[in-house]
Amino acid sequence: MPPRKSSLETLSDWRSGPTIRNLLRAISRETEAINRPLRIMEVCGTHTMTLHRSGLKPLLKEAGVVMVSGPGCPVCITPDYYHEAVIDLVTSQKNIIATTFGDMTRVPTGRGSLQTTVPSPGSEIKIVYSPDEALELAGQHPEKEVMFFGAGFETTIPAIAFTAKKAAATGLKNFTLLAALWLIPPALEAILRSGEVDIDGFIYPGHVSVIIGQQAYSFVAEKYRLPGAIAGFEPADVLLGILSVVRQVRAGRPEVANEYRRAVRAEGNPGALALMAEMLEPYEAEWRGLGRIKNSGLRLKSEWQKLEAARRFNLRLQPGKSLKSGCRCGEVLKGLLEPVDCPLFARHCNPDHPQGPCMVSYEGACLIEYKYSSGEKKK
Amino acid sequence: MCLAVPGKVVSLQDDGTGQVDYMGTTVLANFSLLPGVKVGDWVIVHAGFAISRLDRAEARRTLRLFQELEKLNSAD
Ligand code: SF4
């Protein structure tokens, strides 16, 4: 078989050993000059994954950089009461098809998980890969109510907005959305404003940035004087982002660097942003761990309320009895606690018996730590 | 749900969807958020939607930067 692609498109260049070593050395040189270890938050769960999977975390530590996980896991930051409302709905009403992304079904709540729920006759919980697929189901099952329950950041929101627009245009009456849509910049601002976590800079999520662009983070550099860099997801991409942050610290010149220019344009994806603005409006959303944050969530605008599942089914989206499991996911999401420092980690909490969403989602810091560090306890 | 790796567009249909190849596995993607996409483009797909097209010139620039780092380090 001929080689599939020239080196430009293959990923090997972004994973090559020599490149990684060179980047780590360049980072060490900077931290040596700064003469103290730096703490950098990787906002996005997929970056956490890259750091663990490629074994970069300990190497970075040697190079003088401690990486701290952030809130970038939509499944993790969605409060339990969303799941509980869906569980209540499918157990109390007939002929509801509740669709959602796979990892959402395993989140443990005070009422069990969607996976362990036994729905009413004619109702079911179905895993879909895209919101569009849920809309198709609604077309195929006019006798049922199809609801799409999705959580997502700016990366996923355009897909959900597109589906909402299409649903409105097709006039299907049996399709609704329960969308837990979260915005990254307001969450970062909440973290910075709280002053709880001590960090020297951010690695911004690459694919959120594909949508929102570079400007969206300028307040971090301007108001909080904190460095940051947008980074891609290959090992060399993440290291390039870290090198940029470390250089900004050394120079004392914070900015929003874009180290993922092959995918991220300064202005983001204008079409996606326009679609979001057409269908959705900001509101004060509640995040697990971070609490209520102004303008940090998006919901359907009033003219699209027909598609709103919370309204159609009168869902109660309010904190109920909390699950007394001792899960400290909220602190993990703020970068205040490392998974291994949770007393339940690898003891009562593991991927087969997760006690919280951070052990469920593939972007969850606890699951990633468990998978790639084989549950090793930190000294 | 989030495929962090890029795929290559192998076909386009009139309804705004098309096939994206990931090292031999093809998936259906919606191209409505990426006007002007062409067969042969490398794209990032998320939740069934293509959200970005990779810029080859920028990719090449980053790879050159890696080569410069190599020179810098071997000069130490
Ligand atoms: S290890 Fe389990 S219990 Fe502890 S914070 Fe993570 S998800 Fe929660």
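Going by the alpha-carbon gyration tensor, a ≥ b ≥ c the square roots of its eigenvalues, is the stretch A:208-259 rounded (a/c under 1.5) or, if a/c is not under 1.5, prolate (a/b greater than b/c) versus oblate?
Working: a/c = 3.22, a/b = 1.13, b/c = 2.85.
Judged from the Cα gyration tensor, the stretch A:208-259 comes out oblate (a/c at least 1.5, b/c at or above a/b).
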Just counting partner chain Cβ atoms within 10 Å, what average do the residues of peptide B:21-34 show around their Cβ?
3
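DSSP loop (so not H, G, I, E, B), at most 14 other Cβ within 10 Å: list which trypsin sites (Lys or Arg not before Pro) in the stretch B:1-73 pass both filters.
On the way: sites: B:Lys8, B:Lys38, B:Arg53, B:Arg56, B:Arg60, B:Arg61, B:Arg64, B:Lys71; in loops: B:Lys38.
Qualifying residues, ordered by number: B:Lys38.
What number, in percent, do you get for the relative contact order of chain B if the mean sequence gap of Cα pairs under 8 Å and at least 6 apart is divided by its residue count? Don't skip to the answer; put the middle values down first.
Working: 115 pairs, mean separation 19.6, N = 76.
Answer for chain B is 26 percent.
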Which trypsin sites (Lys or Arg not before Pro) from the stretch A:242-341 combine a DSSP loop assignment with at most 15 other Cβ atoms within 10 Å?
A:Lys301, A:Arg316, A:Lys321, A:Lys324
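Pairs B:Lys8/B:Lys38; A:Lys165/A:Lys301; A:Lys334/A:Lys371; A:Lys166/A:Lys306; A:Lys94/A:Lys144; A:Lys94/A:Lys301: which are spaced more than 18 Å apart, C-alpha to C-alpha? Don't jump to the answer; show the numbers that get you there.
Working: B:Lys8/B:Lys38 10 Å; A:Lys165/A:Lys301 11 Å; A:Lys334/A:Lys371 21 Å; A:Lys166/A:Lys306 13 Å; A:Lys94/A:Lys144 9 Å; A:Lys94/A:Lys301 28 Å.
Beyond 18 Å between Cα atoms: A:Lys334/A:Lys371; A:Lys94/A:Lys301.
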Report relative contact order for the stretch A:188-327 in percent, whole number only (criteria: Cα-Cα under 8 Å, sequence separation at least 6).
20 percent
Relative contact order (percent, whole number), the stretch A:132-245, Cα cutoff 8 Å, 6+ residue spacing
23 percent
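Where a number appears in this text, it was derived from the coordinates with a stated rule and is not lab data. Note that the structure is a prediction, hence the values are computed from the model and not measured. All Cβ positions, even for glycine, are placed from backbone atoms using ideal geometry, and neighbour counts span all protein chains on display.
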